[in-house]
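The values are calculated or read from the model by the stated rules, or taken from the named source; none is laboratory data. If you're wondering where the values come from, they're calculated on a predicted model, not measured in any experiment. A quick note on method: Cβ atoms are made from the backbone with ideal geometry, for glycine too, and the neighbour counts reach across all protein chains shown.
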Amino acid sequence: MTDDVKTSIAARAARELRPGEVVNLGIGIPNLIPGLLGGGTTVFLHTENGLLGVGPRPGEGELDPDLIDAAKQPVTALPGAAYFDSAQSFAMIRGGHIDVAVLGALQVSIAGDIANWAVPGKDVLGVGGAMDLVVGARRVIVTMTATSSTGESKVVPECTYPLTALAAADVVVTELSVFRLRDRALVLTELLGDATVDQVRAATGAPFEIDLEDRRAA
Amino acid sequence: MTDDVKTSIAARAARELRPGEVVNLGIGIPNLIPGLLGGGTTVFLHTENGLLGVGPRPGEGELDPDLIDAAKQPVTALPGAAYFDSAQSFAMIRGGHIDVAVLGALQVSIAGDIANWAVPGKDVLGVGGAMDLVVGARRVIVTMTATSSTGESKVVPECTYPLTALAAADVVVTELSVFRLRDRALVLTELLGDATVDQVRAATGAPFEIDLEDRRAA
Amino acid sequence: MATANGPIEPEEAVSLIRSGDTVMVGGFGLVGAPLTLIDALVEHSDADELTIVSNNIGEPGRGLGKLLRQGRIKRGISSFFTSNPEAVAAVNAGEIQATLVPQGTFAEAIRAAGAGIAGFLTPVGAGTLLAEGKEEHVVDGVPHVLERPIYADVALVNAARADELGNLWYRRTARNFNPLMATAARVTIAEVGEIVSTGELEPESIHTPHLYVDELVLSR
Amino acid sequence: MATANGPIEPEEAVSLIRSGDTVMVGGFGLVGAPLTLIDALVEHSDADELTIVSNNIGEPGRGLGKLLRQGRIKRGISSFFTSNPEAVAAVNAGEIQATLVPQGTFAEAIRAAGAGIAGFLTPVGAGTLLAEGKEEHVVDGVPHVLERPIYADVALVNAARADELGNLWYRRTARNFNPLMATAARVTIAEVGEIVSTGELEPESIHTPHLYVDELVLSR
């Protein structure tokens, strides 16, 4: 996956965010979003290790060993930021106080089931806050390439990887398209770049409905 | 009940407290304890509306409308005091972090059951923190007169008033004696003032064991 | 859900409360109670058939006691109705329904609602009148009660200080139930003593982060 | 349970940990981790067969990663073993047992232990591998998992500042699990950056009141 592809996915996901929303960004593609928000769009970034009001990466001399995000990377805090403990942070998440979670996934099913924390038979030792976020956030936006590095579709009839949560995704953004979950059905709502419906169909290992009401992305 | 009787009960209860303990005091007799502690005995007073480190009643000019105890009376806060919300305050209580609760009761059974919040058939509309305190505090000291204003024994075979909690009392201090609950049995351990075992027996509507190991109070 | 447009008037704030709503009201007695909002609710709203979640139903003719006198409370959920004899009388006369909850369970159930916890096991109340009709679970030989969250449509809370984003700081024992209630309602309205510039509150000392606060109102 | 006699040495502090104990260790990664206490545990204690409750098992050769290399960890309860590949290898080789818990459930279960809550219902994890063997309850049509508290014998926490009574204040994101763990163990040992005079911490800003703290140790 090239940086261009990642950036294009992140840029489209960024356009799902509305001013004033509280947003939690997963590692990878979602973390590109802050740099891609339009000037007028101010969102409040929440990181589950206990900070609302995450600012940009620190410049030289700004590094604070007590100030990291959930990816354990150094961050800054904006004016009006608040710190809290992990129980309070996950109370915010589980209690529905985070407007949007943007996160990567290994698979998303046509019912909106998400698998994003483990590969079967190995690596089932790190879940972090993934399950809490996809269950608790009011809207869950999945950002991922349409297919895996081995060419397999990540949109599937049913997840074969260990589940993160059932029926949790609201929006799926890939480099080709935007899908939305409506009434528990997967609907293609937008083609991105030069992608065609046939290309999306070829890259998607599961049936979907089509309702191209959204304008084609610039 | 005369003030002298109240004071003598409170004074004996005060001697149950050890330096450094965290203590929650109910209204009535327990509230006399702070004035009766020996100079060497420093305890930390917790009030369930959200303060650890309750100080004396405020003098003139010290009154702060934001600073009350659970009886809704004005208090002060000592250096090192901490404020917290009600969920945290009751987490302390229920979680076993309060060493001692001293409270009044309408009845205590020989199994240590306590009834202290309601009279049958009326007044079952205010429980406050009573149930949390008797369940959660590590030691529960009941302070009460041996008999009610109508002459009925408050130590009973079984509570007939609505229960606050089962098997919750550890010590019962009246004007006549000290009882301790040992292996779920009620044991008379100390006679107070000039009281005799016969007097205690006459005032107590239930059987009890006798083990007068404690020294007679001065 | 920051409060982008500055404080609103109490009259506008209480227009968010509709008949039949469940309304949480902060405070322990009158300390930490949002008295400006309560007065606005009494004077500038017709909402009735309200369920009030508050540790007390005010005092006679004060705080929520005013709303009680107007007959607009259908049900109270409290740990201590007794602090207002008129509330006790109203319950005994069948004019309002009363749900009495031990104070720690009351606090925890409100926290649970805000924290996405659908139920919790507490030993408090087990074997008593207040456990009647509730599921009992024995854990390690000790009877526990399964308690459910207490949600609200609107929470009216009181804080000494807010910043422009809606972060809140409470003073002394005026904190009590306010931070919990701020998390447990669809709409949270905070009455505050003052609004300081964003950045003036110490980030480690903010008791209620702004994502819980929908509207700010200045105390009168 | 105030700390009447001033701070103790780290070596004395870790002598309170015995073989077979469950030990909670604060920190998110190494941020907010009590590194002085961990080093003392590594260098001056023989306690083994330990169950470690910590969000991570350190990093390779750092923090709890040192204790792991000594083979003194019997079991880990964590949300993210993956941050230490040596911990993952030890689990896969059967050298340590691993209990993986979603991070919010991990935090809530520790809080529950400190708060006298014997169980709670969360929707998180329902229908996944991590709910296997746990009681499921359907609430309003949504599957929930009944989770149990996580207790410890000893909690090792880290705070920027304490007063002489043991009240604690945490700085920035170094707070994380520390205030929760301070409530959930029989014995809580707080490693602190400095100890100020009693009365110097703002009473509204104390994150861990001193009744949770048994011993203070100064960071080295």
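Please indicate, with yes or no, whether at least one residue in the stretch D:205-218 is in contact with a helix residue (DSSP H, G or I) (Cβ under 9 Å, 6 or more places away or on another chain), small (G, A, S), outside any strand (DSSP E or B) and surrounded by 18 or more Cβ atoms within 10 Å (Cβ to Cβ).
Within the stretch D:205-218, not a single residue is in contact with a helix residue (DSSP H, G or I) (Cβ under 9 Å, 6 or more places away or on another chain), small (G, A, S), outside any strand (DSSP E or B) and surrounded by 18 or more Cβ atoms within 10 Å (Cβ to Cβ).
Residues are listed down the side, and each one gets a yes or a no for (1) of a type in the set (V, I, T); (2) buried (at least 18 other Cβ atoms within 10 Å of the Cβ); (3) within 12 Å of chain D (Cβ to nearest Cβ); (4) more than 26 Å from D:Y170 (Cβ to Cβ):
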{"position": "A:L32", "(1), (2), (3), (4)": "no, yes, no, yes"}
{"position": "A:G53", "(1), (2), (3), (4)": "no, yes, yes, no"}
{"position": "A:K72", "(1), (2), (3), (4)": "no, no, yes, no"}
{"position": "A:A77", "(1), (2), (3), (4)": "no, yes, yes, no"}
{"position": "A:Y83", "(1), (2), (3), (4)": "no, yes, yes, no"}
{"position": "A:V102", "(1), (2), (3), (4)": "yes, yes, no, yes"}
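What number of residues within the stretch C:126-157 are at the interface with chain D (Cβ under 10 Å from one of its Cβ atoms) and of a type in the set (S, T, N, Q)?
Selection size over the stretch C:126-157: 0.
Out of C:I189, C:I110, C:I117, I need the residue that is over 30 Å from B:E158 (Cα atoms), in a strand (DSSP E or B), in contact with a helix residue (DSSP H, G or I) (Cβ under 8 Å, 6 or more places away or on another chain) and among the aliphatic types (A, V, I, L, M). Which one?
C:I189
Could you list all residues from the stretch D:116-154 that are buried (at least 20 other Cβ atoms within 10 Å of the Cβ) and among the charged types (D, E, K, R)?
D:E147
I'd like the full set of residues that are over 16 Å from B:Q88 (Cα atoms), among the small types (G, A, S) and within 14 Å of chain A (Cβ to nearest Cβ), limited to the stretch C:158-183.
Correct list: C:A159, C:A162, C:G166.
Listed residues C:T105, C:T22; which is at pLDDT 95 or above, more than 25 Å from B:T47 (Cβ to Cβ) and of a type in the set (V, I, T)? Break it down into steps so the answer makes sense when it comes.
Values: C:T105 fails: more than 25 Å from B:T47 (Cβ to Cβ).
Selected residue: C:T22, the only one of C:T105, C:T22 that is at pLDDT 95 or above, more than 25 Å from B:T47 (Cβ to Cβ) and of a type in the set (V, I, T).
Please pick out the residue among B:I110, B:I98, B:I93 that is within 24 Å of C:N178 (Cα to Cα), within 18 Å of the chain's Cα centre (by Cα) and more than 8 Å from chain C (Cβ to nearest Cβ).
Criteria check complete, one pass: B:I98.
Could you check, for the stretch D:184-196, whether at least one of its residues is away from chain B (no Cβ under 14 Å) and closer than 21 Å to D:T105 by Cβ?
Looking for residues that are away from chain B (no Cβ under 14 Å) and closer than 21 Å to D:T105 by Cβ, one finds none in the stretch D:184-196, hence no.
Looking only at the stretch C:138-146, decide whether some residue is farther than 22 Å from B:A87 by Cα, charged (D, E, K, R) and at pLDDT 95 or above.
yes
In the list D:A112, D:A93, D:A98, D:A87, which residue meets the criterion of being closer than 28 Å to D:R69 by Cα, small (G, A, S) and surrounded by 24 or more Cβ atoms within 10 Å (Cβ to Cβ)?
Every option except D:A87 fails the conditions.
Quick check on D:A98: is it of a type in the set (A, V, I, L, M, F, W, C), touching a helix residue (DSSP H, G or I) at 6+ places or on another chain (Cβ under 6 Å) and at the interface with another protein chain (Cβ under 7 Å from one of its Cβ atoms)?
It is true that D:A98 is of a type in the set (A, V, I, L, M, F, W, C), touching a helix residue (DSSP H, G or I) at 6+ places or on another chain (Cβ under 6 Å) and at the interface with another protein chain (Cβ under 7 Å from one of its Cβ atoms).
Which of the residues that make up the stretch B:100-137 are in a loop (DSSP other than H, G, I, E, B) and of a type in the set (S, T, N, Q)?
Selection gives B:N116 alone.
Can you name the residue in the stretch B:116-152 that is of a type in the set (G, A, S) and out of contact with any Ser or Thr (no Cβ under 6 Å at 6 or more places or on another chain) and is also modelled with the lowest pLDDT among such residues?
The residue in question is B:G121.
Out of the residues in the stretch C:197-211 that are of a type in the set (D, E) and over 24 Å from C:A107 (Cα atoms), state the one that is farthest from the other protein chains (Cβ to nearest Cβ).
If we take residues in the stretch C:197-211 being of a type in the set (D, E) and over 24 Å from C:A107 (Cα atoms), then C:E200 is farthest from the other protein chains (Cβ to nearest Cβ).
Residue check: is B:R15 more than 12 Å from every other protein chain (Cβ to nearest Cβ), over 13 Å from the mean Cα position of the chain (by Cα) and more than 22 Å from D:T183 (Cβ to Cβ)?
Spelling it out, it is not the case that B:R15 is more than 12 Å from every other protein chain (Cβ to nearest Cβ), over 13 Å from the mean Cα position of the chain (by Cα) and more than 22 Å from D:T183 (Cβ to Cβ).
Show me the strands (runs of 3 or more DSSP E) found entirely inside the stretch A:143-218 where at least 2 residues are crowded, with 18+ Cβ neighbours inside 10 Å, within 15 Å of the chain's Cα centre (by Cα) and in contact (Cβ under 8 Å) with a residue 40 or more places away in the chain.
A:171-173, A:177-182
Would you confirm whether any residue within the stretch C:39-51 is of a type outside the set (A, V, I, L, M), in contact with an Asp or Glu (Cβ under 8 Å, 6 or more places away or on another chain) and within 14 Å of chain B (Cβ to nearest Cβ)?
From the stretch C:39-51, those of a type outside the set (A, V, I, L, M) are C:39, C:43-46, C:48-49, C:51; that's our starting set.
Checking the rest, the ones that are also in contact with an Asp or Glu (Cβ under 8 Å, 6 or more places away or on another chain) come to C:44, C:51.
This time we only want the ones that are within 14 Å of chain B (Cβ to nearest Cβ), so: none.
No, the stretch C:39-51 has no match at all.
All but one of (1) within 11 Å of another protein chain (Cβ to nearest Cβ); (2) in contact with a helix residue (DSSP H, G or I) (Cβ under 9 Å, 6 or more places away or on another chain) hold for A:G20; which doesn't?
(2)
Filter the stretch D:113-125 down to residues that are free of Cβ contacts under 8 Å to residues at least 60 places away in the same chain and within 10 Å of chain A (Cβ to nearest Cβ) and give me whichever is farthest from A:M92 (Cα to Cα).
D:G125
Kindly check whether there is at least one residue in the stretch B:27-36 that is of a type outside the set (A, V, I, L, M, F, W, C) and over 15 Å from B:T143 (Cα atoms).
Here is the first cut: in the stretch B:27-36, the residues of a type outside the set (A, V, I, L, M, F, W, C) are B:28, B:30-31, B:34-35.
Next, only the ones that are over 15 Å from B:T143 (Cα atoms) stay: B:35.
Checked against the condition, which is being of a type outside the set (A, V, I, L, M, F, W, C) and over 15 Å from B:T143 (Cα atoms), the stretch B:27-36 yields at least one hit.
Are there any helices (runs of 4 or more DSSP H) wholly within the stretch D:1-90 with 2 or more residues that are closer than 30 Å to B:G80 by Cα and either in contact (Cβ under 8 Å) with a residue 24 or more places away in the chain or of a type outside the set (D, E) (or both), and if so which?
Fully inside the stretch D:1-90 and qualifying: D:10-14, D:35-44.
Just a yes or no: is a residue in the stretch D:154-169 in contact (Cβ under 8 Å) with a residue 24 or more places away in the chain, outside any loop (DSSP other than H, G, I, E, B), touching a helix residue (DSSP H, G or I) at 6+ places or on another chain (Cβ under 8 Å) and among the charged types (D, E, K, R)?
Yes: the stretch D:154-169 contains one or more residues that are in contact (Cβ under 8 Å) with a residue 24 or more places away in the chain, outside any loop (DSSP other than H, G, I, E, B), touching a helix residue (DSSP H, G or I) at 6+ places or on another chain (Cβ under 8 Å) and among the charged types (D, E, K, R).
Scan D:V157, D:V187 and give me the residue that is over 10 Å from the mean Cα position of the chain (by Cα) and closer than 21 Å to D:E11 by Cα.
Exactly one of D:V157, D:V187 is over 10 Å from the mean Cα position of the chain (by Cα) and closer than 21 Å to D:E11 by Cα, namely D:V187.
If A:V140 meets every condition in (1) more than 12 Å from chain D (Cβ to nearest Cβ); (2) farther than 30 Å from C:L165 by Cβ apart from one, which number is that one?
Just one mismatch for A:V140, condition (2).
Any idea how many residues of the stretch B:31-85 are polar (S, T, N, Q), at pLDDT 95 or above and under 17 Å from B:L133 (Cα atoms)?
So the count comes out to 2.
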